[in-house]
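One structure is given here, and the rest of the page talks about it.
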Amino acid sequence: MNIDNIEELKEKFADFKQMFSADRIDEATALIEELLESIERQSSVRKAGTIDNRGHIDISQKHMQPYVQKMETDHLEGDKVNVEHDNFIYISLNHVMEYYVYAYYYKPDVQVCCTQLPIGEYYRTYGDLSVKLGRYKAGIAAYQDAICWNPVDLDAILGLAECYKHLNMMERYLIATKESYKLCCTRATMARYYRNMGYYHISKYNTQTARCCYIYSNIYYNTENADRELEYLKSALGDDTPQWSIKEMQKMLEQSDIEPGPNPDTIGVIYRVGELMMNDHEYSLARDCFSICYDITQEELLSRMLKQLDELLGNGD
C-alpha cells in the first residue's frame, strides 16, 4: 500500500472494520497488519509521544535527523520536502480538543501538525482486535503505538491498562491507569478510573480501599461491574458493604494516593476549546466540548448553552 494514497488507505480501513464487525477475524487481522506495516515502513516523522516499557507517557524526544516524507498538510502542501526531523511533531487526533489538551500537558516547543490519516485509531483498533483474540502482548504493542501517535488518546491508554491487567502485570496496570486519570473528564470515564483503582487494590488485598473505589465509581456512573465486585467483597469478607459518607471516602482515597475528583485543568482546557470553537462558528465541535464539561459538572449555565447550540444546529424538537 502507498501511504500517499489517502483514499485507498481509508477504504482499506473501512474494509477492515466491516470484516471485524462480521467476525471475519483472520481476514481482518491480515488486512490491518498489512496496512500498519505499510505506514511504519513509509513514515519517518517525529510522532507526538513516547511511552516506556512500564507505561509512562511523555512527549517524543528530539533526534535531529533529516527525513524526506510526503505529508498532505497545510505547511507542506503535499510536496516532498527535506526538513529537520524535529521541526514538526505529528499527532493523530480523534477530536480537535485533543490538540489543546496535548499542548497543555506536554508543551511542545515546535509546531504540531495533524496527520491526514487517523493512524492512532488504526493502531488502537488493532489493539482492540488483539484483545478480542487474547493476544495481550500484541495488544500492548498496538496500544503503545497508538499512544505514540496520540499521547492523549484515553481509549488507547485504558486499552493498554486492560492488557496489563490480563497479563497480571499489576504495577504497570496501575501506571497506565494513573496516566489515564488526567484525561478522564466524563462521569463514565471517572467511574472507569475508580473501577481500575478498585481492581488494583483488590490485587493488593487492600479490601477497604477497593470497596471505597467501587462505591465511589458508582456515584459517578453505576455499573454492573462495580456492583459485582462489591458483592464479591461482601461475600469474601463476610460483612455488609460500608455506608461511608462522601467526605469519609474522599479522605480514604487521598490516603491511598487516589484523586478524589476529576482534574480541573483538563475540564478548563476543554471549556476553553469550546469557547474557541464558538468564536469560529464551529458549533458542532463547541457542543462536543461543552457537553463533556456539563456531563461532569452539571452546571446550569452549560445546560443553557447546550440548548442554544442545539437550536443553532437544528437538534431541537
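The values are calculated or read from the model by the stated rules, or taken from the named source; none is laboratory data. Remember, it's a predicted structure, so these values are computed and weren't measured experimentally. When we count neighbours, we look across all protein chains shown, and the Cβ atoms used for this are built from the backbone with ideal geometry, even at glycine. These area figures cover heavy atoms from the full protein model, side chains too; ligands, DNA and RNA do not enter into them. Shrake-Rupley method; radii C 1.70, N 1.55, O 1.52, S 1.80 Å.
Structural remarks
- Yes/no for Asp295 being within 25 Å of Tyr106 (Cβ to Cβ), open to solvent by 70 Å² or more (accessible area, probe 1.4 Å), at pLDDT 95 or above and not polar (S, T, N, Q): no
- A residue that is closer than 21 Å to Thr189 by Cβ, within 25 Å of the chain's Cα centre (by Cα) and open to solvent by 40 Å² or more (accessible area, probe 1.4 Å) occurs somewhere in segment 270-279.
- Spans of strands (runs of 3 or more DSSP E) in segment 18-106 with at least 2 residues at pLDDT 90 or above: 49-51, 57-59, 88-91
- Number of residues in segment 249-266 that are charged (D, E, K, R) and in a helix (DSSP H, G or I) equals 3.
- Counting residues in segment 114-121 that are farther than 30 Å from Asp4 by Cβ and part of a helix (DSSP H, G or I) gives zero.
- Subset of segment 257-273 (residues that are under 21 Å from Asp153 (Cβ atoms) and in contact (Cβ under 8 Å) with a residue 60 or more places away in the chain): Glu259, Pro262, Asn263, Asp265, Thr266, Ile267, Val269, Ile270, Arg272, Val273
Condition check ((1) of a type outside the set (S, T, N, Q); (2) under 24 Å from Leu183 (Cβ atoms); (3) touching a strand residue (DSSP E or B) at 6+ places or on another chain (Cβ under 9 Å)) across all residues:
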| site | (1), (2), (3) |
| --- | --- |
| Asn222 | no, yes, no |
| Asn225 | no, yes, no |
| Ala236 | yes, no, no |
| Asp240 | yes, no, no |
| Gln243 | no, no, no |
| Met249 | yes, yes, no |
| Glu259 | yes, yes, no |
| Ile267 | yes, yes, no |
| Met277 | yes, yes, no |
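- Where helices (runs of 4 or more DSSP H) fall wholly inside segment 129-248, the ranges with 2 or more residues that are without any contact (Cβ under 8 Å) to a residue 24 or more places away in the chain, open to solvent by less than 40 Å² (accessible area, probe 1.4 Å) and within 25 Å of Arg54 (Cβ to Cβ) are 136-149.
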